[in-house]
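Here is the structure we will look at, set down as structure tokens.
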Amino acid sequence: MKNLANFFFEVGMLKRTPRTGFQFLGSGAESVAEHSFRTAIIGFTLAHLDEEVDTGKVVQMCLFHDVPEARTGDLNYVNKKYVKADEEKAVEDLARTLPFGDDYRALLEEFGRKESREAQIAHDADQLEMILALKEYKDLGNRNADEWYPFAVRRLRTEGARRLAETIWTTDSTRWWFDGDGDWWVNGKR
């Protein structure tokens, strides 16, 4: 039980582990845990759109894909040019302590190979989460987001994710909550 308690504390570190790429964007901040949560929701959705994949496996990949960053930190694309994190060792060290360690290790190995349909969809969910964040910052005036978007789209592996990225990029991120019911916005009731 002690190893499980330690695992939960380790996963909690992801709430305090910043995604470091936003420093280059010039605005925005997000923790690895925030990123992983929305990635899992996106992965669940993409998996439901593809009837031939194991939805549970996609969601698990999305939830666990960045857990090693509790030990290694988040390395953005500039960092990765110069620094090599030993994620395999981080995965192995954690896997040895977990009753589901073999499953955890296998899940991240499959995600890393990017060969299975589930891994491709999980990777797409990861990129779509970043595209959503970029669009949110673009809509708030960040001019750099337009430069990043084409690179994120090029990393997408499935046609469905590419279509979704296009829709995201042309949708105003600040309007999802506004249904146009002016009476409600004036009176507070329907």
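Starting from the stretch 1-17, take each residue that is within 15 Å of PRO99 (Cβ to Cβ) and surrounded by 12 or more Cβ atoms within 10 Å (Cβ to Cβ) and list its partners that are modelled with pLDDT under 95 and not hydrophobic (A, V, I, L, M, F, W, C), counting only C-beta distances under 6 angstrom and pairs at least six apart or across chains.
none
So, in the stretch 37-70, exactly how many residues are open to solvent by less than 40 Å² (accessible area, probe 1.4 Å) and either within 19 Å of GLY112 (Cα to Cα) or of a type in the set (Gly, Ala, Ser) (or both)?
Matching residues across the stretch 37-70 total 19.
Hey, could you check the stretch 42-56 for residues that are closer than 12 Å to ALA122 by Cβ and among the charged types (D, E, K, R) and say which is modelled with the lowest pLDDT?
The extreme case among them is ASP50.
Are any of the residues in the stretch 134-150 modelled with pLDDT under 95, among the hydrophobic types (A, V, I, L, M, F, W, C) and open to solvent by 80 Å² or more (accessible area, probe 1.4 Å)?
Looking through the stretch 134-150, at least one residue is modelled with pLDDT under 95, among the hydrophobic types (A, V, I, L, M, F, W, C) and open to solvent by 80 Å² or more (accessible area, probe 1.4 Å).
From the set of residues in the stretch 71-120 that are within 21 Å of the chain's Cα centre (by Cα), assigned to a helix (DSSP H, G or I) and of a type in the set (Gly, Ala, Ser), which is surrounded by the fewest Cβ atoms within 10 Å (Cβ to Cβ)?
ALA106
Within the stretch 160-186, restricting attention to residues that are open to solvent by 100 Å² or more (accessible area, probe 1.4 Å) and in a helix (DSSP H, G or I), which residue is nearest to LYS114 (Cα to Cα)?
ARG163
The values are calculated or read from the model by the stated rules, or taken from the named source; none is laboratory data. This structure is a prediction, so every number in the text was calculated from the model and none was measured. All Cβ positions, even for glycine, are placed from backbone atoms using ideal geometry, and neighbour counts span all protein chains on display. What goes into the accessible areas is simple: the full protein's heavy atoms, side chains included, and nothing from ligands, DNA or RNA. Shrake-Rupley method; radii C 1.70, N 1.55, O 1.52, S 1.80 Å.
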